[in-house]
Amino acid sequence: MLYIVPTPIGNLRDITLRALDVLQACDAVLCEDTRRTQTLLTHFNIHKPLYRYNENDERSVQRCLEALQAGKNCALVSDCGTPCISDPGWKLVKAAVAAGIAVTSLPGPSAVACALAGAGLTGGAFTFLGFLPRKPGKAAKLLQGAAQLHHPVVVYESPYRVIKMLELIAATLGENIPVVAARELSKVYEEYARGTAAELAKLFAQKKKVQGEFVLIIDCFDAQEEEYESDEDL
């Protein structure tokens with residue numbers, strides 16, 4: 001059995017009881033970075049063999065698959081959040097399914113869900129693009145296509161490139177496009193910065209150092225074209 005186990009995106013108290021149960025009961029943990037995962041397991045007094053899982057190394061994928069085929073129950077984790085969502089894991093899941101190995105995914109921490117809920121832009125559809133390509137032309141094309149759906153568009157960005165990304169958003173979708181920039185989610189210095197793409201680019205450019213991984217939510221939502229439907233409306 002392959003268990004997909006989300007881990008906290010910042011606050012260790014966000015781990016679920018079920019995640020702890022699986023990590024305690026599994027035969028091995030497949031992880032992105034053994035040092036980070038070891039820190040997490042040690043905090044919860046869990047001691048398990050760690051196998052490094054490298055999505056870009058076919059031999060690594062095969063080694064993890066062979067452990068599953070040998071009958072081991074393995075927990076797949078990333079450094080933080082939910083594996084396979086802009087994080088490693090999908091290739092192993094695909095290979096496990098093809099090999100007839102049972103796969104189950106646990107609910108848990110996810111930066112995109114956390115940020116979108118706190119942004120207050122919509123309770124309905126959104127378009128998630130994850131990390132955009134490094135080439136500005138390709139990134140701009142994806143942004144333009146997603147914006148035409150008239151839903152909020154969510155992208156991930158590092159603190160080292162967030163200013164350039166905000167400038168690209170402004171150049172592609174207009175300087176006055178509203179953006180919510182969420183960073184350090186669930187941590188002590190959690191922040192939701194709101195403004196236009198151009199305003200936020202200037203705001204972060206004025207800081208001596210920009211810290212924390214970012215979730216950028218671009219407000220392409222058109223309230224006249226779509227309304228959120230609750231379960232009661234269905």
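For the stretch 104-113, filtered to residues that are in contact with a strand residue (DSSP E or B) (Cβ under 8 Å, 6 or more places away or on another chain) and under 19 Å from E191 (Cα atoms), the residue that is surrounded by the most Cβ atoms within 10 Å (Cβ to Cβ) is A111. Checking every residue in the stretch 204-220 against the condition of being in a loop (DSSP other than H, G, I, E, B), buried (at least 20 other Cβ atoms within 10 Å of the Cβ) and hydrophobic (A, V, I, L, M, F, W, C) gives at least one match.
Residue pairs whose Cβ atoms lie under 7 Å apart, sitting 6 or more positions apart in sequence or on different chains, and linking a residue in the stretch 76-102 that is over 17 Å from L50 (Cβ atoms) and assigned by TED's automatic domain parsing to the domain that holds P6 to a partner that is buried (at least 17 other Cβ atoms within 10 Å of the Cβ) and among the aromatic types (F, W, Y), are S86/Y156. Only one of the numbered conditions (1) of a type outside the set (S, T, Y); (2) closer than 26 Å to D14 by Cβ; (3) part of a helix (DSSP H, G or I) is not met by Q144, and that is (2). If you check I101 against the conditions, is it part of a loop (DSSP other than H, G, I, E, B), crowded, with 17+ Cβ neighbours inside 10 Å and touching a helix residue (DSSP H, G or I) at 6+ places or on another chain (Cβ under 6 Å)? Yes, satisfied. The helices (runs of 4 or more DSSP H) found wholly in the stretch 1-85 and carrying at least 2 residues that are at pLDDT 95 or above and more than 23 Å from A102 (Cα to Cα) occupy 34-43.
The values are calculated or read from the model by the stated rules, or taken from the named source; none is laboratory data. Because the structure is predicted, anything quoted here is derived from the model rather than measured. No Cβ is skipped: glycine too gets one built from the backbone with ideal geometry, and neighbour counts run over all protein chains shown.
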